[in-house]
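See structure below.
Computed from the coordinates by the stated procedures, all read-outs in this text should not be read as laboratory data. Every value quoted in this text rests on a predicted model; they were computed, and no experiment measured them. Methodologically, a virtual Cβ is constructed for each residue, glycine included, from the backbone with ideal geometry; neighbour enumeration extends over all protein chains shown.
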Amino acid sequence: MIKYVNSMVTFSEFPNEISLCINISQCPCHCPGCHSSYLAEDIGEPLGELTLHKLITENKGITCVGFMGGDIEPKSVNALAQYIKTEYNLKVGWYSGRNHLAPEIDLQYFDYVKLGPYVEERGGLDNPNTNQVMLEIDNTCGRSITKDITSYFWHKSN
C-alpha cells in the first residue's frame, strides 16, 4: 500500500481544475534538484479508499484528485484512480517521475498524466525547455486518446 504525507487543494497542477493534490512518499526516482526530496523517504500514512473518502469529502468543490508520485506502486495508484472514478466521478491526474507509463496503469481511469523526471537544468512543466510532458486523456470514444498539453503551463508574456 502506498503512503501519503499530506494533501492540498491547488489551482495550477492540472489545467482548469480545482485539484486535491496528494503527496505520495517512497519516491524511487531521486531526481537531483527535486523540490520535494523528502518524498523519497518512507514516511506518511497508508493511502487507501477510506482515507481517500475522508480527503475528498473534506474538500468540497474539487474537480480533480491528483496523485503526486506513486511510482513505487503504480498498481495501487491505478486501483485508487478506479475507486475515484467509480465512486465520485471526479477527474484524476497522476504525476509520475518516469519517462514511460507503467504497464499497470489503465488510462481509462485517468484524465491527466505527467511523465518525466525532474531535470534541474531543463526545469519543470512551466519551462518551455522541460523534458517533462503533461498528457490529457480523452476516454469519451471508448478508447484512450492522449493529447500533449504541456504548453498550457508556459506563461506567455505580452
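Summary of values
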| quantity | calculated |
| --- | --- |
| Per residue, the convex hull volume that the Cα atoms of the stretch 84-158 enclose (Å³) | 110 |
| Estimated [θ] at 222 nm from DSSP helical runs (n ≥ 4, -39500 (n - 2.57)) normalised by residues in the chain, nearest 500 | -4500 deg cm²/dmol |
| Estimated dipole of the stretch 93-133 in Debye, rounded to 20 [Cβ of Lys and Arg +1, of Asp and Glu -1, Cα centre] | 60 |
| Percent of Cα pairs exceeding the 27 Å cut-off, where the set is the stretch 3-153 | 15 |
| Partnerless cysteines, meaning none of the other Cys C-beta atoms lie under 4.7 Å away, in the chain | CYS21, CYS27, CYS29, CYS64, CYS141 |
| Solvent-free Debye scattering, log10 I(q)/I(0), computed from the Cα coordinates of the stretch 62-119 at q = 0.14, 0.17 Å⁻¹ | -0.32, -0.47 |
| For the chain, built as a Gaussian network whose Cα springs stay under 10 Å, the top-fluctuating residue of GLU58, GLU41, GLU73 | GLU58 |
